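A.B. asks: The structure's right below; bear with me while I get my questions together.
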Amino acid sequence: MVDKHTKGRVARLIPIIEPLRPLIIRRLQATRGDPDARLYTGPRGGRISTAVLRDATHWDDVTRDLGYEHLRRHDLRHTGLTWMADAGILPHILKEIAGHRLITTTQRYFHPDVLRILEAGQALTHHLEKLQRDGQITRRW
């Protein structure tokens, strides 16, 4: 399915998580095979603009009520890419999903949480202990 041109004007594949698959299949069936149909439309049947999305989701009200006035919709893109990185998806794949030209741009989207940083320290500890047990390092670091 192709809707509008991306910012970089390059078509790309995006993954769909399994819980969304039935919803998307229902929407595709509703298009009755029309190649020009959109998966979702705005209130007047056209493309969903940023303003329409903000209003339809009551973004400003929801974020205010939750105490996250600082949260922007684009922050969800950062969250999604971080979750995919945490799931073990390789950076060069994430670069393609995000539609970035440079991997350094994609890397700016990764924001590991404290638990992941602590796990990295534990993983290094276990690795060094294994090296020591295997005689590959001879003294305690």
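A.B. asks: Answer yes or no as to whether R26 is at pLDDT 90 or above and surrounded by fewer than 11 Cβ atoms within 10 Å (Cβ to Cβ).
C.D. replies: It is true that R26 is at pLDDT 90 or above and surrounded by fewer than 11 Cβ atoms within 10 Å (Cβ to Cβ).
A.B. asks: Yes or no: R38 in contact (Cβ under 8 Å) with a residue 12 or more places away in the chain, over 16 Å from the mean Cα position of the chain (by Cα) and not in a loop (DSSP other than H, G, I, E, B)?
C.D. replies: For R38, the condition - in contact (Cβ under 8 Å) with a residue 12 or more places away in the chain, over 16 Å from the mean Cα position of the chain (by Cα) and not in a loop (DSSP other than H, G, I, E, B) - is not met.
A.B. asks: Show the residue pairs that are 6+ apart or on different chains and have beta-carbon atoms under 6 Å apart, the first residue being within the range 78-103 and in contact (Cβ under 8 Å) with a residue 60 or more places away in the chain, the second being of a type outside the set (A, V, I, L, M) and not in a helix (DSSP H, G or I).
C.D. replies: G99/T6; G99/G8; G99/R12
A.B. asks: Something else about it: Check R116, R38 and return the single one that is of a type outside the set (S, T, N, Q), closer than 24 Å to I16 by Cβ and touching an Asp or Glu at 6+ places or on another chain (Cβ under 8 Å).
C.D. replies: None of the other options fit; the residue is R38.
A.B. asks: The conditions are (1) modelled with pLDDT of 90 or more; (2) within 14 Å of the chain's Cα centre (by Cα); (3) farther than 28 Å from A120 by Cα, and L13 fails exactly one of them. Which is it?
C.D. replies: (1)
The values are calculated or read from the model by the stated rules, or taken from the named source; none is laboratory data. Computed from a prediction, not measured in an experiment: that's the story for all the values here. Note: ideal-geometry Cβ built from the backbone for every residue, glycine included; neighbour counts use all protein chains shown.
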